[in-house]
Amino acid sequence: MIIDCHGHYTTSPPAHEEWRRRQVAAGPGAPPGPAPRISDDEIRDTIIGGQLRVQNARGVDMTIFSPRAASMAHHDADAVGNAAWADLCNTLIHRVCRLFPRNFVGVCQLPQAPGVSPANCVAELERCVTEYGFVGCNLNPDPSGGYWTDPPLTDRWWYPLYEKMVELNVPAMVHVSSSCNPNFHATGAHYINGDTSAFMQFLTSDLFRDFPTLKFVIPHGGGAVPYHWGRYRGLAQDMGLPPLPELLLGNVFFDTCVYHQPGTELLARVIPVDNILFASETLGAVRGVDPETGHPFDDTRRYIEAVPWLTASDRQQIYEGNARRVYARLSAQIERQAAA
Ligand SMILES: [Zn+2]
């Protein structure tokens, strides 16, 4: 099986995002408008012409699917507003998974808000996992959208959420949302900053001593981390910390959303095969065709196939085995959905 661990519903019906635009425009405290009316046929159309077409063209069997990351925009509303928005977004993902049970398993958006304890996310995570069969969450390390006003991911501030993740046995993908800081382009800088910063936070903390089974996926190939692996190894050594595999590779994993061959080869050379999960972040992170190859930049399977030293067993780990291990509820959910 080929499992893509990182896909977003970027093609959701327009009424969905329109609801959020109105909610944000109405400002905090305004009563939420009625839920948008979106038919199953509308959902089917957006998936069949979008994600499913790409899955089929690339031989991908299953996508771990979450709401559009840029639209989480936790900085655009307060915790109450974001809770209503997360509920709508997650329910829409659940509908996609019910309509296409063999192709999509859900991951939820959390109702984070700047300055608000992540304890407020526990109920929505539990609801999505226990009622919707979701297998993880997207955790925004910077709900302020580019100003980093909340404590680092390793602070006790986040522990109530981690306790629930451990109890439910679900990982988080560390995933920022849009940027409202003009210094940081969202997908070109803020995303990669978030990935890189989260890794360094993990490196300098006792988090995994406190939560030995807590797991994070750092997307976009781990940001700058694999390229600078020597720096991180050296920093850890200077701080008297154990080698990185011992320090955090039981808890931290990287996806393959790297959109060229040399970058993918660097990832696969530096990061152990057991810590790499196949992903493409379709549709829409990068939309074009690479004129040097004639293939879409985000057709990441081609790069994995072309890494000369990976064995069939290595690829099986990257495509399937690691996803089933990190997303511990995934195998049972795939069986449940196949039987539905
Ligand atoms: Zn993403």
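No lab work stands behind these numbers, since they all come straight from the coordinates. All values reported here derive from a predicted model rather than from experimental measurement. As a convention, Cβ positions derive from the backbone with ideal geometry for all residues, glycine included, and neighbour counts pool all protein chains shown.
Which order do peptides 9-22, 269-282 fall in by mean Cβ count within 10 Å, highest first? Write out the running numbers ahead of the final one.
Values: 9-22: 17.1, 269-282: 21.4.
Highest to lowest by the protection proxy: 269-282, 9-22.
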**Prompt:** Simple spin-label model, 7 Å along Cα-to-Cβ: Ala328 to Trp157 in nm?
**Reply:** 2.7 nm
**Message:** Let me spell out the model: positive unit charges on the Cβ of Lys and Arg, negative unit charges on the Cβ of Asp and Glu, origin at the Cα centre of the range 1-67. What dipole size does that give, in debye rounded to 20?
**Reply:** 200 debye
**Asked** Using alpha-carbon positions, what is the distance between the centroids of the range 274-314 and the range 109-163, in Å?
**Response** 29 Å
**Complete:** Between the modelled labels at Asn56 and Asn181 (7 Å from Cα along Cα→Cβ) the distance in nm is 4.3 nm
**Fill in**
FRET efficiency (Ala119, Arg98; Cβ distance; R0 35 Å; to 0.05) is 0.75
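How much length would be gained if the chain were fully extended between Arg127 and Thr149, taking 0.36 nm per residue of separation minus their Cα-Cα distance, in nm to one decimal?
On the way: separation 22, 0.36 × 22 = 7.92 nm, distance 2.78 nm.
Extra length from Arg127 to Thr149 when fully extended: 5.1 nm.
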**Prompt:** In whole Å and largest first, what semi-axes does the C-alpha gyration tensor of the range 3-339 yield when each eigenvalue is scaled by 5 and square-rooted?
**Reply:** 29, 25, 19
**Asked** About the Cα centre of the chain, what is the dipole size in debye to 20, counting +1 per Lys and Arg Cβ and -1 per Asp and Glu Cβ, all else neutral?
**Response** 360 debye
**Item:** Sequence-separation-based contact order of the chain, relative, with Cα cut under 8 Å and 6+ spacing, percent
**Value:** 18 percent
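If you stretched the chain out fully between Asp206 and Asp41, how much longer would it get, using 0.36 nm times the residue separation minus the C-alpha to C-alpha distance? Each step should come with its number before you reach the end.
Numbers: separation 165, 0.36 × 165 = 59.40 nm, distance 4.84 nm.
Stretched out fully, the Asp206 to Asp41 stretch lengthens by 54.6 nm.
Note the full-extension length gain between Arg269 and Arg233 as 0.36 nm times their separation in residues minus their Cα-Cα distance, in nm to one decimal. Can you show the working numbers first?
Details: separation 36, 0.36 × 36 = 12.96 nm, distance 1.52 nm.
Using 0.36 nm per residue and subtracting the Cα-Cα distance, I get 11.4 nm.
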